[in-house]
């Protein structure tokens, strides 16, 4: 009798677990179907010019609690007419949404983080797609269990702070659509 009850509990637990997994549909984001960035989602970001070396400039961007990082980077790139830059940052976040590229689907599999995470590393570049600056960011996030997760950054809501150093270069770099991967890639030969 006891064995049957344990089998019943195990079967019930498996059913509940499988139901929970099937009700949560996996989200995918295509690179060519990305929505325009809402630059108003980073109202607290502060910018400071740190140095100028010829036409190359280095800035510090300090994101405030609740600022969305991609929005702040895009806003900075638009305001300062950035045509080529690279950046790195550290900090922490209340939530994040990253992705890993699925070659079969030609889309990013989204990995959401609804709980706070440590921004162990954030790195990327700003280039032009047509005449619009585009930030391309990868991030490593540490969770409370000590695991590190990484991927392409779609959204990151700043915790107390994210501190980002960006170097703006004078030579424009342009992206071109690559049909094989349905992605916009830097082409150093493009001049406009």
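The values are calculated or read from the model by the stated rules, or taken from the named source; none is laboratory data. Just so we're clear, the structure is a prediction, and the values are computed from it rather than from any experiment. Note that we place each Cβ from the backbone using ideal geometry, even for glycine, and neighbour counts take in every protein chain shown.
Descriptive notes on the structure:
- When the criteria are applied in full, residue 127 meets the requirement of being in contact (Cβ under 8 Å) with a residue 12 or more places away in the chain, surrounded by 15 or more Cβ atoms within 10 Å (Cβ to Cβ) and touching a strand residue (DSSP E or B) at 6+ places or on another chain (Cβ under 8 Å).
- Verdict on residue 95 being closer than 18 Å to residue 63 by Cα, in contact with a strand residue (DSSP E or B) (Cβ under 6 Å, 6 or more places away or on another chain), touching a residue at least 24 places away in the same chain (Cβ under 8 Å) and buried (at least 18 other Cβ atoms within 10 Å of the Cβ): no
- Given (1) at pLDDT below 95; (2) surrounded by 13 or more Cβ atoms within 10 Å (Cβ to Cβ); (3) part of a helix (DSSP H, G or I), number of the condition residue 29 does not satisfy: (3)
- Counting the residues of the range 65-117 that are assigned to a loop (DSSP other than H, G, I, E, B) and under 14 Å from residue 168 (Cα atoms) gives 5.
- Within the range 49-66, not a single residue is within 12 Å of the chain's Cα centre (by Cα) and closer than 30 Å to residue 176 by Cβ.
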